[in-house]
Structure formats: structure tokens, C-alpha cells
Amino acid sequence: MNFIKNNLANAFTLGNLFSGCVGIVHLFSGDYQTTAICIIISLILDFFDGFIARAMNSSSNLGGQLDSLADMVSFGFLPGFTVFTALEHLTFTGLPEFTPWIKYLGFFVTLFSCLRLAIFNLDEEQKYYFKGLNTPSNTILIFGLFYAYKESGNFSFLFENEIYLLIFTVISSWLLVSPIKMIAMKFKSKQLKDNYPKLALLIGGILILLIFKTVGIPLIIIYYILISLIFQKQLN
């Protein structure tokens, strides 16, 4: 029983990693719906591994390392490969000699995701807020926009313009390591005034989903960033 108790959270973490690997394979083959399902599974497992570790008092240095390594695949390589895939089909008419190579700039998202995870592991301040956009949120933003484009043609202005897509890649990469404080859904106290940012995020997120349905998923991340900027002084 002790073995199960000590390793259940790690099993969830490895499940996150496995789901991320499967999602990448299906992204490569153009099966974006399966990739979306895999990302959802990874998100759920990523949430519950920490929850289980705390509930069963089985947190360990091994678990912390496994969590970052799994996230590097599911929320680091996968979003980078998504941008690579989007850039791969664009023609850079102004720079024809560089066109075969520009698509690799998509992996800047992967590089900065790795940097963000390393910084997070060393930063003891980020208990009740995140510093910079966390990798799961960045993955939802990138793949959510790409999925909406592939499924219904939304956000074509972004994915059919190489300059806009490169600018988006730069912004997304920078947000991962930016000094901007981002809301974390961890409650420091039960006082209402201390939780205004979280309530604004929750209510606004529900409204966005009700209005825009699936297309609203990446919009929630944009809203999340804006709300975090508004409540900067209250995040500590």
C-alpha cells in the first residue's frame, strides 16, 4: 500500500507525459481532434498529480522533477510543434531562400517553455501567483487558436499571414518568461476582496465559453492575461 501511496501521483504525471506523446504523433499526422483530446487528458492529469501528492502527503523531489519533464513534452514540445506545423505551410515571399528554415522558429516556444519550467522550479515566490504565463495556459492558447482555424477557419488572419504568426510566436515565447504576475487558482484567504481576480477570471471565463463555445477556449487565455494585468497590484 505504501508503494501505491508514494507513486500514485507519479503515475498520473507519467500519464500526462504519455498523453502528450500521443498528442504529438496525431498532430504530426493531421488528426487535430485527437491531439485536442490528448491535451485535455494531459491537463487533467497534470492538475490531479499535484492534488493527489498533497492529499496523500506523498510529495517528493522525484515527483517535482517528473512533473517538469512531463510538462516539457505535453506543454513545451507540443505547442512548439504546433507553431512549426502552422509555419510549415506558409510561403515567405520576401525571403524565399529562408522559407525552408523559418518554420523552425516555431520551436522558440519549446525553448522558452523549457526556460520557464526551469525558472519556476527555482523560484520560491510563485506560491499564490505565477510569474509569466504558465506552460499549460500557453499550450491552450496556441493549440486552441490553431484548432479553431483548422476546424472552422477562425483566426485565419493569424495563420495565413507569416508576419503576424511570427510576431505571435515571439509574444507567446516572451510571455512564458515575462515578469508579469498571472493569477493562480490558489486561495490565500477566504476574504472576498483577496479573491476578486479569481472571481473575475471565473465569471468572465464562463461567459466567454457560453458565448463563443469551443472557439472561446483560447480567448479565455487572452482574457486571463488581460485580467492578470488589471489586477497586478493585488497578486502577491
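Okay, here's what the table says:
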{"quantity": "Lone qualifier among S172, S178, S152 - being farther than 22 Å from A36 by Cα and small (G, A, S)", "calculated": "S178"}
{"quantity": "Flag for N154 being surrounded by 14 or more Cβ atoms within 10 Å (Cβ to Cβ), not in a helix (DSSP H, G or I) and not hydrophobic (A, V, I, L, M, F, W, C)", "calculated": "yes"}
{"quantity": "Number of the condition not met by Y196 [criteria: (1) under 25 Å from C114 (Cβ atoms); (2) open to solvent by 30 Å² or more (accessible area, probe 1.4 Å); (3) among the hydroxyl-bearing types (S, T, Y)]", "calculated": "(1)"}
{"quantity": "Residue among L201, L235, L133 that alone is surrounded by 14 or more Cβ atoms within 10 Å (Cβ to Cβ), among the aliphatic types (A, V, I, L, M) and closer than 18 Å to S113 by Cα", "calculated": "L133"}
{"quantity": "Within region 108-128, tally of residues that are hydroxyl-bearing (S, T, Y) and within 16 Å of I142 (Cα to Cα)", "calculated": "2"}
{"quantity": "Hey, Y149 among the aromatic types (F, W, Y) and at pLDDT below 95 or not", "calculated": "no"}
{"quantity": "When residues of region 102-130 are limited to those that are aliphatic (A, V, I, L, M) and within 19 Å of K181 (Cα to Cα), the one least open to solvent (accessible area, probe 1.4 Å)", "calculated": "L117"}
{"quantity": "Filtered residues of region 139-166 (kept if more than 21 Å from the chain's Cα centre (by Cα) and either among the acidic types (D, E) or closer than 26 Å to S74 by Cβ (or both))", "calculated": "S152, E160, E162"}
{"quantity": "Unique match (being open to solvent by 40 Å² or more (accessible area, probe 1.4 Å) and assigned to a helix (DSSP H, G or I)) among I208, I227, I142, I222", "calculated": "I222"}
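Per-residue answers, yes or no, for (1) of a type outside the set (S, T, N, Q); (2) more than 17 Å from the chain's Cα centre (by Cα); (3) at pLDDT below 85; (4) surrounded by 16 or more Cβ atoms within 10 Å (Cβ to Cβ):
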| site | (1), (2), (3), (4) |
| --- | --- |
| N2 | no, yes, yes, no |
| A9 | yes, yes, no, yes |
| I39 | yes, no, no, yes |
| S68 | no, no, no, yes |
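The values are calculated or read from the model by the stated rules, or taken from the named source; none is laboratory data. The model shown is predicted, which means the values in this text are computed figures rather than measured ones. Using ideal geometry, Cβ is built from the backbone for each residue, glycine included, and neighbour counts are taken over all protein chains shown. Accessible surface is based on the protein model in full, side chains and every heavy atom, while ligands, DNA and RNA are left aside. Shrake-Rupley method; radii C 1.70, N 1.55, O 1.52, S 1.80 Å.
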